[in-house]
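The values are calculated or read from the model by the stated rules, or taken from the named source; none is laboratory data. What you are looking at is a predicted structure, and each value in this text was computed from that prediction instead of being measured. Note that each Cβ is placed from the backbone with ideal geometry, even for glycine, and that neighbours are counted across all protein chains shown. Surface accessibility is based on the protein's heavy atoms, side chains included, excluding ligands, DNA and RNA. Shrake-Rupley method; radii C 1.70, N 1.55, O 1.52, S 1.80 Å.
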Amino acid sequence: MNPVKILIVEDEAVVALDLEARLEAEGYEIIDVVNNGPKAIDIFRNQAVDLILCDIKLIGDMTGIEAVQKMAAIREAPVIYLTAQADRATIEAAMKTYPAAYITKPFSTESLKNANVLAIKNFSLRSQKQGPAKETEESARPFQPLPKSTDRETILQADDYVFIKENYKFQKLYLNDILFFEADKNYTTIHTDNRKIAIRLTLNVVLERI
(Lines give C-alpha, C1' and ligand atoms only; values in the text may rest on other atoms or scores of the structure.)
Protein backbone atom coordinates (compact mmCIF):
# COMPACT_ATOMS: atom_id res chain seq x y z
CA MET A 1 0.00 0.00 0.00
CA ASN A 2 1.01 3.60 -0.51
CA PRO A 3 1.02 6.21 2.27
CA VAL A 4 -1.50 9.02 1.89
CA LYS A 5 0.20 11.94 0.13
CA ILE A 6 -0.43 15.34 1.69
CA LEU A 7 0.13 18.87 0.42
CA ILE A 8 0.54 21.44 3.21
CA VAL A 9 -0.38 25.05 2.39
CA GLU A 10 0.47 27.22 5.40
CA ASP A 11 1.86 30.75 5.63
CA GLU A 12 3.41 30.44 9.11
CA ALA A 13 6.76 28.65 8.78
CA VAL A 14 6.78 27.34 12.37
CA VAL A 15 3.28 25.90 12.04
CA ALA A 16 4.11 24.38 8.65
CA LEU A 17 7.22 22.65 10.00
CA ASP A 18 5.26 21.38 13.00
CA LEU A 19 2.56 19.96 10.72
CA GLU A 20 5.13 18.30 8.50
CA ALA A 21 6.96 16.70 11.44
CA ARG A 22 3.79 15.41 13.09
CA LEU A 23 2.36 13.98 9.87
CA GLU A 24 5.59 12.29 8.84
CA ALA A 25 5.85 10.76 12.32
CA GLU A 26 2.39 9.27 11.74
CA GLY A 27 3.50 7.69 8.45
CA TYR A 28 2.06 10.17 5.96
CA GLU A 29 4.04 11.32 2.92
CA ILE A 30 4.39 15.10 2.57
CA ILE A 31 4.46 16.09 -1.10
CA ASP A 32 5.47 19.68 -0.36
CA VAL A 33 5.02 22.58 2.04
CA VAL A 34 4.17 25.97 0.51
CA ASN A 35 2.95 29.32 1.82
CA ASN A 36 0.95 30.71 -1.12
CA GLY A 37 -1.90 29.78 -3.43
CA PRO A 38 -0.24 29.89 -6.88
CA LYS A 39 2.56 27.53 -5.78
CA ALA A 40 0.05 25.15 -4.21
CA ILE A 41 -2.00 25.06 -7.41
CA ASP A 42 1.09 24.37 -9.51
CA ILE A 43 2.15 21.46 -7.29
CA PHE A 44 -1.37 20.06 -7.18
CA ARG A 45 -1.63 20.20 -10.97
CA ASN A 46 1.63 18.34 -11.55
CA GLN A 47 1.80 15.84 -8.67
CA ALA A 48 -0.43 13.21 -7.12
CA VAL A 49 -2.02 14.63 -3.95
CA ASP A 50 -4.44 12.62 -1.80
CA LEU A 51 -5.17 15.26 0.85
CA ILE A 52 -4.76 19.04 1.13
CA LEU A 53 -4.17 20.85 4.42
CA CYS A 54 -4.71 24.52 3.69
CA ASP A 55 -4.70 27.62 5.89
CA ILE A 56 -7.46 30.07 5.06
CA LYS A 57 -5.04 33.00 5.18
CA LEU A 58 -1.96 32.74 2.96
CA ILE A 59 0.90 34.95 1.79
CA GLY A 60 -0.02 37.03 -1.25
CA ASP A 61 -3.31 38.16 -2.75
CA MET A 62 -4.89 34.70 -3.00
CA THR A 63 -6.64 33.24 0.04
CA GLY A 64 -6.65 29.56 0.92
CA ILE A 65 -10.30 29.36 -0.10
CA GLU A 66 -9.53 30.77 -3.54
CA ALA A 67 -6.62 28.36 -3.92
CA VAL A 68 -8.83 25.41 -3.02
CA GLN A 69 -11.44 26.53 -5.55
CA LYS A 70 -8.83 26.55 -8.31
CA MET A 71 -7.46 23.16 -7.28
CA ALA A 72 -10.99 21.72 -7.23
CA ALA A 73 -11.38 22.85 -10.86
CA ILE A 74 -8.41 20.62 -11.74
CA ARG A 75 -9.68 17.53 -9.87
CA GLU A 76 -11.33 16.64 -6.60
CA ALA A 77 -9.37 15.93 -3.43
CA PRO A 78 -10.28 16.07 0.27
CA VAL A 79 -9.47 19.40 1.92
CA ILE A 80 -8.85 20.25 5.56
CA TYR A 81 -8.84 23.96 6.39
CA LEU A 82 -6.52 25.30 9.07
CA THR A 83 -7.69 28.41 10.87
CA ALA A 84 -6.96 30.41 14.01
CA GLN A 85 -10.14 32.42 13.76
CA ALA A 86 -12.54 33.41 11.02
CA ASP A 87 -15.53 35.71 10.72
CA ARG A 88 -18.91 34.52 9.48
CA ALA A 89 -18.32 35.69 5.92
CA THR A 90 -15.07 33.71 5.72
CA ILE A 91 -16.70 30.58 7.10
CA GLU A 92 -19.56 30.85 4.61
CA ALA A 93 -17.09 31.27 1.75
CA ALA A 94 -15.16 28.21 2.93
CA MET A 95 -18.34 26.15 3.13
CA LYS A 96 -18.91 26.62 -0.61
CA THR A 97 -15.76 24.60 -1.35
CA TYR A 98 -17.14 21.56 0.53
CA PRO A 99 -14.19 21.01 2.90
CA ALA A 100 -13.98 17.55 4.40
CA ALA A 101 -12.88 18.79 7.84
CA TYR A 102 -11.16 21.65 9.63
CA ILE A 103 -8.61 22.16 12.38
CA THR A 104 -8.45 25.16 14.67
CA LYS A 105 -5.10 26.45 15.89
CA PRO A 106 -3.45 25.52 18.16
CA PHE A 107 -4.00 21.84 17.30
CA SER A 108 -2.97 18.55 18.87
CA THR A 109 -1.59 15.46 17.17
CA GLU A 110 -4.81 13.65 18.07
CA SER A 111 -7.03 16.29 16.44
CA LEU A 112 -4.77 16.22 13.38
CA LYS A 113 -5.04 12.43 13.08
CA ASN A 114 -8.83 12.52 13.55
CA ALA A 115 -9.24 15.28 10.97
CA ASN A 116 -7.27 13.28 8.40
CA VAL A 117 -9.43 10.20 8.94
CA LEU A 118 -12.62 12.29 8.83
CA ALA A 119 -11.51 14.05 5.65
CA ILE A 120 -10.84 10.79 3.83
CA LYS A 121 -14.13 9.35 5.06
CA ASN A 122 -16.14 12.38 3.93
CA PHE A 123 -14.34 12.49 0.57
CA SER A 124 -15.09 8.82 0.00
CA LEU A 125 -18.78 9.39 0.76
CA ARG A 126 -18.92 12.37 -1.60
CA SER A 127 -17.13 10.52 -4.40
CA GLN A 128 -19.89 7.91 -4.38
CA LYS A 129 -22.56 10.57 -4.94
CA GLN A 130 -23.62 12.03 -8.27
CA GLY A 131 -22.31 15.48 -7.29
CA PRO A 132 -23.10 18.27 -4.79
CA ALA A 133 -26.69 18.54 -5.97
CA LYS A 134 -27.28 14.87 -5.11
CA GLU A 135 -25.67 14.91 -1.70
CA THR A 136 -27.60 14.48 1.48
CA GLU A 137 -27.54 17.30 3.99
CA GLU A 138 -25.34 15.21 6.30
CA SER A 139 -22.70 14.26 3.71
CA ALA A 140 -22.53 17.76 2.25
CA ARG A 141 -22.23 19.55 5.57
CA PRO A 142 -18.72 20.99 5.99
CA PHE A 143 -16.84 21.54 9.23
CA GLN A 144 -18.20 18.47 10.97
CA PRO A 145 -17.11 17.79 14.57
CA LEU A 146 -14.15 15.46 14.91
CA PRO A 147 -15.23 11.95 15.91
CA LYS A 148 -14.23 10.39 19.20
CA SER A 149 -13.69 7.09 17.42
CA THR A 150 -13.45 6.09 13.77
CA ASP A 151 -12.68 2.39 14.26
CA ARG A 152 -15.79 1.38 12.31
CA GLU A 153 -14.44 2.91 9.11
CA THR A 154 -11.81 0.37 8.04
CA ILE A 155 -12.08 0.46 4.25
CA LEU A 156 -13.39 3.28 2.06
CA GLN A 157 -13.55 3.46 -1.72
CA ALA A 158 -12.89 6.45 -3.95
CA ASP A 159 -12.65 6.17 -7.73
CA ASP A 160 -10.20 3.38 -8.69
CA TYR A 161 -8.59 2.97 -5.28
CA VAL A 162 -9.48 2.30 -1.66
CA PHE A 163 -8.30 3.75 1.63
CA ILE A 164 -7.58 1.05 4.22
CA LYS A 165 -7.06 2.01 7.85
CA GLU A 166 -4.14 0.47 9.69
CA ASN A 167 -2.99 1.65 13.12
CA TYR A 168 -5.45 4.58 13.16
CA LYS A 169 -4.41 6.02 9.81
CA PHE A 170 -5.44 5.39 6.21
CA GLN A 171 -3.21 4.07 3.47
CA LYS A 172 -4.00 3.97 -0.22
CA LEU A 173 -4.42 0.80 -2.29
CA TYR A 174 -5.25 0.75 -6.00
CA LEU A 175 -7.97 -1.74 -6.96
CA ASN A 176 -5.88 -3.03 -9.87
CA ASP A 177 -3.20 -4.12 -7.38
CA ILE A 178 -5.58 -6.55 -5.65
CA LEU A 179 -5.03 -10.16 -6.75
CA PHE A 180 -7.69 -11.93 -4.67
CA PHE A 181 -9.54 -11.97 -1.34
CA GLU A 182 -9.36 -14.65 1.34
CA ALA A 183 -12.23 -15.00 3.81
CA ASP A 184 -11.83 -16.35 7.35
CA LYS A 185 -14.90 -15.86 9.55
CA ASN A 186 -14.95 -12.15 10.54
CA TYR A 187 -11.66 -11.36 8.80
CA THR A 188 -10.81 -10.78 5.15
CA THR A 189 -7.26 -10.88 3.81
CA ILE A 190 -6.49 -8.82 0.72
CA HIS A 191 -3.66 -10.27 -1.36
CA THR A 192 -1.44 -8.11 -3.59
CA ASP A 193 1.86 -8.90 -5.33
CA ASN A 194 3.92 -8.12 -2.25
CA ARG A 195 1.55 -7.88 0.71
CA LYS A 196 -1.23 -9.50 2.65
CA ILE A 197 -3.59 -7.06 4.38
CA ALA A 198 -5.86 -8.49 7.06
CA ILE A 199 -9.07 -6.54 7.75
CA ARG A 200 -11.51 -7.23 10.55
CA LEU A 201 -14.51 -7.30 8.24
CA THR A 202 -16.35 -10.14 6.52
CA LEU A 203 -15.79 -10.63 2.80
CA ASN A 204 -19.35 -9.54 2.01
CA VAL A 205 -18.84 -6.21 3.78
CA VAL A 206 -15.49 -5.63 2.05
CA LEU A 207 -17.00 -6.29 -1.38
CA GLU A 208 -19.93 -3.99 -0.61
CA ARG A 209 -17.57 -1.14 0.19
CA ILE A 210 -15.42 -1.48 -2.94
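What the table below lists for this structure:
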| read-out | value |
| --- | --- |
| Global geometry of segment 25-121, whether rounded, prolate or oblate, following the gyration tensor of its Cα atoms and the 1.5 cut on a/c | rounded |
| For segment 103-117 versus segment 55-84, the gap between their alpha-carbon centres in whole angstrom | 18 |
| Average accessible surface area per residue within segment 1-100, 1.4 Å rolling probe, Å² | 47 |
| Per-residue SASA entry for Phe107, accessible area with 1.4 Å probe, Å² rounded to 10 | 30 |
| Full-extension gain in nm, Glu29 to Ala72, via 0.36 nm per residue minus C-alpha separation | 13.4 nm |
| Amide H partners (placed H, <5 Å) of Leu201, local residues excluded | Thr188 |
| Length added when fully stretched, Asp87-Asn36, from 0.36 nm per residue minus Cα-Cα | 16.3 nm |
| Ranking by accessible area, most exposed first, for Met71, Met95, Met62 with a 1.4 Å probe | Met95, Met62, Met71 |
| Difference of contour (0.36 nm per residue) and Cα-Cα distance, Tyr187 to Lys57 | 42.3 nm |
| Heavy-atom accessible area ranking, 1.4 Å probe, most first, across Thr202, Thr83 | Thr202, Thr83 |
| Accessible-area order (highest first, 1.4 angstrom probe) of the listed residues Ser124, Ser108 | Ser108, Ser124 |
| Point-to-point label distance, Asp177-Asp160, nm (Cα→Cβ direction, 7 Å offset) | 1.4 |
